[in-house]
Structure formats: structure tokens, C-alpha cells
Amino acid sequence: MDNITLEMELQKIIETSNNNITITDEKGIILRSHPDHWSIYGMKPDQYIGKSVYQLEEEGLLSPSINAIVLKEKKPSRIMQHTKTGRVVMSTGYPVFNEEGSLVRVISYSQDQTEIWKLQEQYKQLERKVKGYQTEVEELRGKEFVQHSILVRSAVMQQILKTVHGVAKTDANILLLGPSGVGKSTVARSIHKKSNREKEPFIEVNCSTIPESLFESEIFGYEHGAFTGAAKNGKQGLIEQADGGTLFLDEVGELPMAMQAKLLKVIQEKKIMRIGGKKEQHIDFRLITATNQNLDKMVEQGTFRLDLYYRLHVIPIQIPALSERKEDIPILIQHYVQHTNDKYQMEKTFHPSTYDILVHYEWPGNIRELENLVERLILTTEETTIYPKHLPSSIRGMDNGENQERWSIEQEAEGKQDLKKTLEEVEKRLIEKAYQQCKTTYEMADYLGISQPSVIYKLKKYKDHFGDTKTNPC
Ligand SMILES: Nc1ncnc2c1ncn2[C@@H]1O[C@H](COP(=O)(O)OP(=O)(O)OP(=O)(O)O)[C@@H](O)[C@H]1O
């Protein structure tokens, strides 16, 4: 067959193939390719024919070039490329050697895989959703409690709920202790819901937010003309509003001393008198209090009345910090991801590495911090998958590195990093692990599932990182 016929055949193959066939010489100069196929890279023929693939890489038009990889590795290779035009392309390259064994050409085939890739992503998301539903079904089957929006899985919280719900129908005063954001108000509301007062008001008073000068009038109310600026018809106080129901005093440790004495009297007598009023009225309420302060210490220091403390302390319940009941963290994350997605009609998911970091985080701000962070991440992350890189650095910094390793691999799939560098980085870390754990290159080969010569090659490749290579006793 003469050269002209061969040339025509080759040209026809390139033109009619479903793949983008690209041929480069030993220097990476593009000799042939079909113009139609380069549109996926957002390039026109004059931008690549006769150009070097290295140059195209530098210009960010190919990231990375399969032909460049084959030129370097001198063996067939396959990569996924994320193009400037947003396509996902699978490229496979083969070296062509002459009779002397020198590499003279590289032939590569590229196929647009965007639709398959998207389907795979959708499938992964569906898989995660199904897992989420499975967890929910398990929860509903009783493995966890889901009661009055209280989600608990830990044994300690299940016991606490059992105790408080056990006394919910009595009128015993309950004191909820624990750091901020652990769910004291939530538990208080749940006690009310379980009590016989369920249909009556639940009045929540945050003692730290009412200025001392207004406290008395807010709590006890006042009669017409009680003081300058008082409302014309007087005002019902918060205790009066709780008549028949539950009065929940949050941050009770913040109560001014003078108010402590008045509150003690109300608790003992269940009677109040409005400011400027002439007669006392009986109020039927159940009292629940909460604080994140150490009341014992405050009593010792003389800033909290001992007699009031005894009154409030009838059933003390200590709610532990989230870091002391880590089993609750996964269901809380799942719940708030689902809840926020539903609330804003979104479909964001947490990458498993992100999820792992959050599950192991200490959560100093407890459930409130968790709830706020999940909501913020879902609202402010543009991508549908939330990666560790989206987490605040204070949380990312707590990770031991394993998750960072996992997500850097995923980032490569997102095309946000240079694929070649990412793969090299991952390879280097795996080889480092093998290097630390194995005595010989044969053991390393077994450990890594590659041949021993490949181990030698890779150790040489990263010699700056490892120093001298391992000795081979065999
Ligand atoms: N077990 C739970 N399941 C789901 N959400 C919860 C749970 N416990 C608390 N939360 C949520 O966490 C947030 C903080 O809870 P809550 O206000 O009850 O804490 P707190 O201990 O009373 O805080 P503070 O001491 O600051 O008043 C709320 O948005 C609440 O809905």
C-alpha cells in the first residue's frame, strides 16, 4: 500500500471515529486531530494543530494532557479530564515506539463522558438519600427516640428523657443544668407537652435578657397608674400568663438578688400581686428552671440564695455537652441537613469526609452551633456537595488529616485541582504509608498491590521525599 493511500485511510479513521483521536510527536507537538472533537475543549483547530500539549497545559486549555502523561510515563495511561467548557472527558493514550525502542508518537482517544458522569453523581446522591431514609426508618422503629423534636440516640440522653417524662405529670420543680445550647429549653418544652398542662400556656422567660429595672413589672405585671409610663389598663405579668400551664425560667442564675427573694415567695405561696395592686391572686403554674451556671458555687459565693436553690433543685437534671454524647451527633447532622434542605427547597449533601470531620468535632457551642453551622453551609455553599474545604478553618483544623486526604481525591473529580498533581500527591501518601509499614520493597509491593520493580521506580520518583530507597534482601 502506498503512502498516499495510508494517509487517506488514517485521515478517514480520525474523521469518522466517535473518539477524539489526537496524534502527537515525541516532543508533544499535535500532528493530527479532528476539528469537530475539539469543541469539547472550547478550542478551534488553529489553537492546537502544530502546538505543543505542554503549552496547552500551561495555558489551562488541557488539564492535564493525556499525551503529555504518556510521553512522560512511556506506557498506556487513562485519565478523566474536566474541560474549560464544563465537560468530563475520558482520555486514553498509547505510546508508539520505533524499531530502536524510542518513543516517536503518542496516540490518544478522548470520549465525552459528561452525561455518564452526571448520572453517576446522581446515583451517588440517591444512594446517600436512601441511606438517610434507612437511618430514619431505624429511628422510627425505636432504635432512637424522636419525641417532640428531641432527637437522641445516646443512652445517657434516652435515660434523661425517661426521667423527665416520668415526672412530667407531677408538679415537681425541675432544674435543668448544662452548658449553653445542649437543649435545656427543648427538654423543658417537651416536659410541658408530656404534662397534664399540655393544652395550657408554656411561658418561657429568659432571665438574662430582662433589664433589672423592668424585671418586677415584667414578671408580676402592674395595675393602671402604678408608675409613670405604665400602660393605661395595666399589664399582665409573665407569671400570670402562665396560669394553668408551665413557667420556664431560663438562665435563672442571672436573677438579681432582690428578685430571687420575690420569686421564692411566689414559689412557696403560688400567689402574686401586681405592682400597684391591692390584692393577691392565686396562680397555678408548674415551674421549670434552667441554667448553665454552677449554682452550688454561686450559693457558696453568696450570689444565689440557698433557700431558693433548694426550692428549684427538687429534680435536678444535668444535660451533658454534645462532646460527651457523640452518638447523638450523626442523627442531629442528618436531621438538620434534611430540615434545612426542606426549608429552603435545596438538595445539598455533605461529602462523607465532611460528615466525618463534623462527627468528630467537639462542638463547644453544642446543638445550637451544629444547627447554625449546617444551615449556614447549606445556604452559602454554591456547589451541591459540601466538602471539607467549605468548613470554617477552626473546624477543619481539628481533622487528623485522613479526611483531607479523602476529599482531595474527590476534589480531583470536581476538576478543581490539577489532576496529575493530586494523583501524585495521593500516590506519594500511599507509598509513604507502605514505606513506613514494610521492611522490604517486596513487602511494599504486596501491600500496594503493584510489582516490586514498580515500587523501586516509584521510590526513585519520589526520592526527594523518601531519601535512600529500601534495601532488597532477596
Ligand atoms: N435533642 C435535640 N434534637 C434536635 N434539636 C435539638 C435538640 N436539643 C436541642 N436542639 C436544638 O438546639 C438548639 C439549642 O437548644 P436549646 O435552646 O434548647 O438549648 P439550651 O440548652 O436551652 O441553650 P441556652 O442555655 O443557650 O438557653 C435549638 O434550636 C433546639 O431546637
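The values are calculated or read from the model by the stated rules, or taken from the named source; none is laboratory data. These numbers were taken from a predicted model, which means no experiment stands behind them. Glycine also receives a Cβ, built like all others from the backbone with ideal geometry; neighbour counts cover every protein chain displayed.
Is it the case that region 337-346 has a residue that's part of a helix (DSSP H, G or I), within 20 Å of Ser323 (Cα to Cα) and modelled with pLDDT of 90 or more?
The answer is yes; a qualifying residue exists.
Report whether or not Leu379 is without any contact (Cβ under 8 Å) to a residue 40 or more places away in the chain, in a helix (DSSP H, G or I) and more than 15 Å from the ligand (Cβ to nearest atom).
Here the answer is yes, as Leu379 does meet what is asked.
Could you list, in sequence order, the residues of region 310-328 that are aliphatic (A, V, I, L, M) and within 11 Å of the ligand (Cβ to nearest atom)?
Ile319, Ala321, Leu322
One line per residue, one yes/no per condition, for (1) in a helix (DSSP H, G or I); (2) without any contact (Cβ under 8 Å) to a residue 40 or more places away in the chain; (3) in the same structural domain as Glu240 (by TED's automatic domain parsing); (4) farther than 23 Å from Leu255 by Cβ:
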| site | (1), (2), (3), (4) |
| --- | --- |
| Lys162 | yes, yes, yes, yes |
| Asp171 | no, no, yes, no |
| Pro179 | no, no, yes, no |
| Val187 | yes, no, yes, no |
| His192 | yes, no, yes, no |
| Glu200 | no, no, yes, yes |
| Ile203 | no, no, yes, no |
| Ser213 | yes, yes, yes, no |
| Glu216 | yes, no, yes, no |
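For region 409-429, does any single residue satisfy the condition of being within 13 Å of the chain's Cα centre (by Cα), at pLDDT below 90, within 25 Å of Lys124 (Cα to Cα) and of a type in the set (Lys, Arg)?
Scanning region 409-429 turns up no residue that is within 13 Å of the chain's Cα centre (by Cα), at pLDDT below 90, within 25 Å of Lys124 (Cα to Cα) and of a type in the set (Lys, Arg).
Does Leu264 fit the bill of being surrounded by 15 or more Cβ atoms within 10 Å (Cβ to Cβ) and within 16 Å of the ligand (Cβ to nearest atom)? If you could, list the steps in order and put the result at the bottom.
On the way: surrounded by 15 or more Cβ atoms within 10 Å (Cβ to Cβ): yes; within 16 Å of the ligand (Cβ to nearest atom): no.
For Leu264, the condition - surrounded by 15 or more Cβ atoms within 10 Å (Cβ to Cβ) and within 16 Å of the ligand (Cβ to nearest atom) - is not met.
If you go through region 73-112, how many residues are of a type outside the set (Ser, Thr, Tyr) and either outside the structural domain of Leu31 (by TED's automatic domain parsing) or assigned to a strand (DSSP E or B) (or both)?
Residues flagged as of a type outside the set (Ser, Thr, Tyr) and either outside the structural domain of Leu31 (by TED's automatic domain parsing) or assigned to a strand (DSSP E or B) (or both) within region 73-112 amount to 19.
Which count do you get for residues in region 165-174 that are of a type in the set (Val, Ile, Thr) and within 15 Å of the ligand (Cβ to nearest atom)?
Residues in region 165-174 being of a type in the set (Val, Ile, Thr) and within 15 Å of the ligand (Cβ to nearest atom): 1 in total.
Scan region 175-228 for residues that are within 16 Å of the ligand (Cβ to nearest atom) and of a type outside the set (S, T, N, Q) and report the count.
Qualifying residue count for the region: 22.
Tell me, which residue of region 350-375 that is surrounded by fewer than 16 Cβ atoms within 10 Å (Cβ to Cβ) and within 12 Å of the ligand (Cβ to nearest atom) is farthest from Pro320 (Cα to Cα)?
My answer is Asn372.
Can you tell me which residue is nearest to Gly93 (Cα to Cα) among those in region 10-58 that are basic (Lys, Arg) and loosely packed, with under 12 Cβ neighbours inside 10 Å?
This residue is Lys27.
Quick one: in region 271-297, of everything that is surrounded by 13 or more Cβ atoms within 10 Å (Cβ to Cβ) and closer than 17 Å to Ala172 by Cβ, which residue is nearest to the ligand (Cβ to nearest atom)?
For region 271-297, the residue satisfying everything is Ala290.
What is the number of the single condition among (1) outside the structural domain of Ile13 (by TED's automatic domain parsing); (2) in a strand (DSSP E or B) that Gln120 does not meet?
The one condition Gln120 does not meet is (2).
Kindly indicate the residue of region 250-261 that is more than 16 Å from the ligand (Cβ to nearest atom) and under 43 Å from the mean Cα position of the chain (by Cα) and also modelled with the lowest pLDDT among those meeting that condition.
Step by step, filter region 250-261, then rank; the result is Pro256.
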